[in-house]
Amino acid sequence: MMAVSFERRGRLHYLDPGSHRPAVGDKVLVPTDTGPEVAECIWAPTWIDDDIGGLPLCAGLATEADLERAEGSKARRAEAKMVARRLVRQHDLPMKVIAVDYIPARCQLVIYFSAPHRVDFRALVRDLASRLRVRVELRQIGPRDEARLQGGIGPCGRDTCCSTFLKDFEPVSVRMAKDQHLPVNPLRIAGACGRLMCCLKYEHPLYQDFHQKAPKLGASVETPEGPGVVVGHSVPADKVVVKLSEDGRRCACPRASVCGSRQAYEAKYLPGQKPAADR
């Protein structure tokens, strides 16, 4: 398997290298719906243990003609983006041009834009087609797709997930932030697109599983250090914080050590064994 990117710091696309062995930085041909496109090899071909099927097959190394065609398409996209922004200002339309895609096989330009509501851009399309002398299609996109196309840096200091490896946008809710005890503050849980961060979904299943199996807050439990009451959870460490009844001291115990079913199992089948927290 190998990984390529059509743009510097853009999204990674995975390919089956076939009989080709490009090095990092080499330009390769990637099959697309509109014909082979030039991309840069980011990860050199590597054997992996998992059996992954359905990957597109690398069409080989890019030739000089392919590179010239790619540079021509890049220049055409830059020109179209500049002209589109100028005409948008002239028509006084409430829209923002985000990206332009050029399809040489169809002699067509696809212009992606964002807007707060639906926009009547029929006059704009006529002017664009007359000025650029190609077929023009305008597509309105949402805030998440805008962030994906533009790229950027997330609150974590890394490139946004949507512009690097995420393929689909899965639904994210405020409940996920609450389950992870995060402050429900838009400035803390919103991404570059202004919507809830996609990464809120990454660890949410771990928190759901922990809360289903761990004792609730205020529950009385038996710990290796004596009886106590649960006063907190530490999900990443898989521990519960217990306030001991004897001296009021707090201790962090593994979840398994205060689980009633685990204690009953050890008492019945492993008599004389050390408690789970001590092993």
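Could you look through the stretch 60-82, keep only residues that are touching a Leu at 6+ places or on another chain (Cβ under 9 Å) and within 20 Å of Cys107 (Cα to Cα), and pick out the one that is least open to solvent (accessible area, probe 1.4 Å)?
My answer is Ala80.
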Go through Pro183, Pro224 for me and flag whichever is at pLDDT below 85 and more than 30 Å from Phe6 (Cα to Cα). Pro224
Can you spot a residue in the stretch 90-107 that is out of contact with any strand residue (DSSP E or B) (no Cβ under 6 Å at 6 or more places or on another chain), basic (Lys, Arg), within 14 Å of Leu132 (Cβ to Cβ) and not in a helix (DSSP H, G or I)? yes
If the Cβ limit is 6 Å and pairs must be 6+ apart or interchain, which residue in the stretch 198-212 that is under 21 Å from Arg148 (Cβ atoms) pairs with which residue that is not polar (S, T, N, Q)? Cys198/Cys161; Leu200/Val172; Leu200/Met176; Leu200/Ala177; Lys201/Glu170; Lys201/Val172
Quick one: in the stretch 84-114, of everything that is out of contact with any Phe, Trp or Tyr (no Cβ under 9 Å at 6 or more places or on another chain) and over 30 Å from Pro31 (Cβ atoms), which residue is least open to solvent (accessible area, probe 1.4 Å)? Leu87
In the stretch 7-41, anything outside any strand (DSSP E or B), more than 17 Å from Leu57 (Cβ to Cβ) and free of Cβ contacts under 8 Å to residues at least 60 places away in the same chain is listed as Glu7, Arg8, Ala23, Val24, Gly25
Is the stretch 170-178 home to any residue that is open to solvent by less than 30 Å² (accessible area, probe 1.4 Å) and under 24 Å from Met82 (Cβ atoms)? no
Against the conditions (1) over 23 Å from Arg148 (Cα atoms); (2) out of contact with any strand residue (DSSP E or B) (no Cβ under 7 Å at 6 or more places or on another chain); (3) touching a residue at least 24 places away in the same chain (Cβ under 8 Å); (4) open to solvent by 60 Å² or more (accessible area, probe 1.4 Å), where does Leu57 fall short? Just the number, please. (2)
Can you name every residue in the stretch 32-54 that is within 24 Å of the chain's Cα centre (by Cα), loosely packed, with under 13 Cβ neighbours inside 10 Å and either β-branched (Val, Ile, Thr) or modelled with pLDDT of 80 or more (or both)? Asp33, Thr46, Ile48, Ile52
Which members of the stretch 204-229 meet the condition of being of a type in the set (Gly, Ala, Ser) and open to solvent by less than 70 Å² (accessible area, probe 1.4 Å)? Ala214, Gly218, Ala219, Gly226, Gly228
Filter the stretch 237-252 down to residues that are open to solvent by 50 Å² or more (accessible area, probe 1.4 Å) and in a loop (DSSP other than H, G, I, E, B) and give me whichever is nearest to His211 (Cα to Cα). Asp238
In the stretch 151-186, how many residues are part of a helix (DSSP H, G or I) and over 23 Å from Tyr14 (Cβ atoms)? 7
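The values are calculated or read from the model by the stated rules, or taken from the named source; none is laboratory data. Everything quoted here is computed from the prediction, not taken from an experiment. Glycine also receives a Cβ, built like all others from the backbone with ideal geometry; neighbour counts cover every protein chain displayed. In case anyone asks, the SASA skips ligands and DNA or RNA and just uses the protein heavy atoms, side chains included. Shrake-Rupley method; radii C 1.70, N 1.55, O 1.52, S 1.80 Å.
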